[in-house]
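Accompanying notes for the structure given below.
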Amino acid sequence: MTIHQFFFTMVTLGIGIGTLFSYLFNQLVMETTLVFNLACLGLGLVMGLLNYCLIRKLFFKPIKEIAVIAEEISKGNFDIPFKQLRSDNSVFSPLYNSISAMSGCLQRMEHRVNVDALTGLPNRTFFNDSLNLALVHAQGHQRRLAVLFLDLDGFKMVNDKLGHEVGDLLLKGVAHRLAACINKGDSIARLGGDEFTILLPRIDRLDEAALTAKKVLASLQHPWLINGHKLQLSASIGIAAYPEDGESSATLLKQADAAMYEAKKQGKNNYQFYRYSVDNKAFQPMKLQNGVS
């Protein structure tokens, strides 16, 4: 049915309703005037026109828009349909705006859950999820991965002497420098306080993890100038690798943390690998490799 056919159908229907109303009234009252009958027909005509306008607005325009959008998508043009939906003239505009607002709200909520508010880096929750996914991939493809656990040396002293404002600016600077030390596909996170982690999801040799650790140590040794204060900073780094040091995220983080404390015992500003050997009944932790920048 074309729009013109639909128009005449609605008008005819309205006139028919008006005629029926006039006839019923005539049967009940037994007396009507010509003016009254014409008024009923006019009312029916108006009702038909209103029905036509309403139904066309509610059905024909959306159907026409959907047809246009489907045609553009079939041609591979995805920008035009979204522009059409965003247009103020579109009947879908209020729905599109509501969905966009809801989507933005969900994105902000997800950002708060997964991102460290101070540095903008991923937080512990996001890092754990990333590590679990990387382990699944490594197990499926029989690849190695490494976790670096980093703790800043002397940060507490800076925080206590110069205040939290300087400490926060220092942490932001550290996050920026660490991000410059990793390769594409690697990830970095702030666990809390002055603790950071780096995930290397695809390594062939352990010395690739050592190379990243050396980059980090060298980057942090450059002097810091914050609010007029010239600061020196270093870090202690522990490294745990899959599958040598563990096959779960919790185990790898625990081993990397233990290796980091060993680095502090070795005089700080260095990195340590975690290793283990099996004695008939228990695991005995052994730190067999170390490095100093």
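In terms of the mean number of neighbouring beta-carbon atoms within 10 Å, the peptides 264-275, 143-154 order highest first as 143-154, 264-275.
Considering only LEU233, ALA250, TYR271, and ranking their Cα positions along the charge dipole of the range 168-271 that arises from unit charges at the beta-carbon of Lys, Arg, Asp and Glu, the one farthest toward the positive end is LEU233.
Among rounded, prolate and oblate, which fits the range 118-292 when a ≥ b ≥ c are the square roots of the eigenvalues of its C-alpha gyration tensor, a/c under 1.5 means rounded, and a/b larger than b/c means prolate? In terms of gyration-tensor shape, prolate.
With the simple spin-label model, which puts each label point 7 Å out from Cα in the Cβ direction, the ASP129 to LYS265 separation comes to 3.6 nm. By other beta-carbon atoms within 10 Å, ranking LEU206, LEU252, LEU191 with the fewest at the front produces LEU206, LEU191, LEU252. DSSP assigns beta bridges within the range 118-292; of those with both partners inside it, close to 90 percent run antiparallel. Sorting 226-234, 211-219 by their mean Cβ neighbour count within 10 Å, with the most densely packed peptide first, gives 211-219, 226-234.
Taking only the alpha carbons of the range 153-226, we obtain Rg and Dmax values of 13.6, 43 Å in that order. Fully extending the segment from ARG202 to GLU165 would add 9.6 nm, taking 0.36 nm per residue of separation and subtracting the current Cα-Cα distance. Once amide H atoms are placed 1.01 Å from N in the peptide plane, what residues at a sequence separation of 5 or more from LEU191, or on another chain, have their amide H within under 5 Å of its amide H? Under 5 Å from the amide H of LEU191: PHE196, THR197.
Computed from the coordinates by the stated procedures, all read-outs in this text should not be read as laboratory data. Since we're looking at a predicted model, the values are computed, not measured. Neighbour counts are summed over all protein chains in view; Cβ atoms, including those assigned to glycine, are modelled from backbone coordinates with ideal geometry.
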